[in-house]
1. For region 193-205, which positions are touching a residue at least 24 places away in the same chain (Cβ under 8 Å) and out of contact with any Leu (no Cβ under 6 Å at 6 or more places or on another chain)?
2. In region 26-48, what residues are of a type in the set (Ser, Thr, Tyr) and open to solvent by less than 90 Å² (accessible area, probe 1.4 Å)?
3. Looking only at region 160-205, which residues are within 15 Å of Ile101 (Cα to Cα), β-branched (Val, Ile, Thr) and open to solvent by 30 Å² or more (accessible area, probe 1.4 Å)?
4. Please specify each residue of region 206-223 satisfying the condition of being hydrophobic (A, V, I, L, M, F, W, C), touching a residue at least 60 places away in the same chain (Cβ under 8 Å) and either open to solvent by 100 Å² or more (accessible area, probe 1.4 Å) or assigned to a strand (DSSP E or B) (or both).
5. For region 98-191, list the helices (runs of 4 or more DSSP H) that sit wholly inside it and hold at least 1 residues that are at pLDDT 90 or above; which are they?
6. Among the numbered conditions (1) among the polar types (S, T, N, Q); (2) out of contact with any helix residue (DSSP H, G or I) (no Cβ under 8 Å at 6 or more places or on another chain); (3) in contact (Cβ under 8 Å) with a residue 24 or more places away in the chain; (4) within 26 Å of Asn179 (Cα to Cα), tell me where Thr99 comes up short.
7. Which condition number does Leu151 fail, the rest of (1) of a type in the set (A, V, I, L, M, F, W, C); (2) touching a residue at least 24 places away in the same chain (Cβ under 8 Å); (3) within 14 Å of Trp102 (Cβ to Cβ) being met?
8. Which members of region 65-81 meet the condition of being surrounded by fewer than 19 Cβ atoms within 10 Å (Cβ to Cβ), closer than 19 Å to Ile174 by Cα and without any contact (Cβ under 8 Å) to a residue 60 or more places away in the chain?
Amino acid sequence: MYENNYPELKKEDRYTSPASSKPLHELKMLQEYIHSVNLQNLGTLLPHYKQQMILLKFFKSKKNQLVEIYSRNKDEVIHTVGKVSVVGRDFVMIRTLLTRIWIPYRVIHSAKTPFGLPDMPGTHQNVLIDEELRRKLLTNFAVTVAEKQSLRQQFFEELLLTNLQSWVGTKITIYNGSNFTAKLRGVSKEKLLFKEKEIAFSKITYMKQARVLSFFEKIFKKLKIKKSNN
């Protein structure tokens, strides 16, 4: 009787316990509804964090998918269309064919899936873990995750300042009312450090860089470090 009532629960030659008496598709819809209601209730109780929480949930569900974002740069509205690359605690990174873009949540006016594109399931977002990686995660989790950016993004929500530390030595265009392009020299707790000036994170509304140029800049940086070590 069990195999007739719950054929979807068969795993190899065994059966898992049913999570509910409802069919799996109905249970999935109910779980999503409950999560959405809980998120709205949290937003009502914590209005200062509502936008951050909802955008975080939205962009996580759209990882590696196209999104359309309207953000503000003082009186200017910036329209961005690209794939969600990194979902941070206080920012999202969008990737186009030639450009990498950082947008803080606090300046986002709205975000959506471009018209005409279907909503995709989130299963393709999972990091593939082979047996060797699984063993390393079980025996040396902290070191293994710290060494790979994809794993850090999978297990933790980076802050913008943490993410930008990976891009020191590359050229970035900063929007903070006016535009400023220069090579990033360093990142402090509250500021981005350039040769010509320092810019506070709270003033930044938008950042972008050329993906191809930054790729070669990072290679040259690694070669320079390797040469100095030798």
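The values are calculated or read from the model by the stated rules, or taken from the named source; none is laboratory data. Given the structure is predicted, the values throughout are model-derived calculations rather than measurements. Cβ: placed from backbone, ideal geometry, glycine included. Neighbour counts: every protein chain shown. The area values use the complete protein model at the heavy-atom level, side chains included, leaving out ligands, DNA and RNA. Shrake-Rupley method; radii C 1.70, N 1.55, O 1.52, S 1.80 Å.
1. Phe201, Lys203, Ile204, Thr205
2. Ser36
3. Thr181
4. Passing the criteria: Met207, Ala210.
5. 160-164
6. (2)
7. Only one criterion is unmet by Leu151, namely (3).
8. Hits for region 65-81 are Tyr70, Asp75, Glu76, Val77, His79, Val81.
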